[in-house]
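Just below is one structure, and these are the notes that go with it.
Values in this text are rule-based calculations from the coordinates and carry no lab data. Computed from a predicted model, the values in this text were never measured in an experiment. Here Cβ is always computed from backbone atoms with ideal geometry, including for glycine, and neighbour counts include all displayed protein chains.
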Amino acid sequence: MKKILLVEDEKALSLLYEEELEREGYEVVVAYDAESALEQIRKEKFDLIITDIRMPGRDGIELIASIMGLRKDIPIIINTAYQSYKDDFMTWAADAYLIKSSSLDELKNKIKELLEKSSS
């Protein structure tokens, strides 16, 4: 079973994502901020990371930079409500940049695509 780290500070949204992704057959670990996410990455091995950008404390872009310092091999999806960050150079380190939507189909498809690519 593939393990996903979901970094999302909105509790209701993180619960929805967690339930949907678990239905797809993934093991999901939730972190509500960048610090907790980094702790999890140091303790466990993840196959993929999904992160929001705007969070309390360190934002998602700073989190990506820290992840790159720890493990460069984990695919990262930025999942945010803000289109404006897409042109930020640091977001290019992510494998995908998605705008949050009421349908999780695009996110699920991108997860599947990146996991298939990273295991080949």
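Here are some notes:
- Placing pseudo-labels 7 Å out from each Cα toward the beta carbon at E24 and K100 gives an inter-label distance of 1.7 nm.
- Potential lengthening between M1 and E113 on full extension [0.36 nm per residue; Cα-Cα distance subtracted]: 38.8 nm
- Note on the chain: with charges restricted to the Cβ of Lys and Arg (+1) and Asp and Glu (-1), its dipole about the Cα centre is near 320 debye.
- From the Kirkwood radius over Cα pairs of the chain, Stokes-Einstein at 10 °C and 1.306 mPa s returns a whole-number translational diffusion coefficient of 113 µm²/s.
- Rounded if a/c under 1.5, otherwise prolate or oblate - segment 1-47, Cα gyration tensor axes: oblate
- Pairs with C-alpha atoms separated by more than 23 Å, drawn from the list K72/K110; K45/K86; K45/K117; K43/K72; K86/K108, are K45/K86.
- Spin-label model, E39 to A12: label points 7 Å out along the Cα-to-beta-carbon direction sit 2.6 nm apart.
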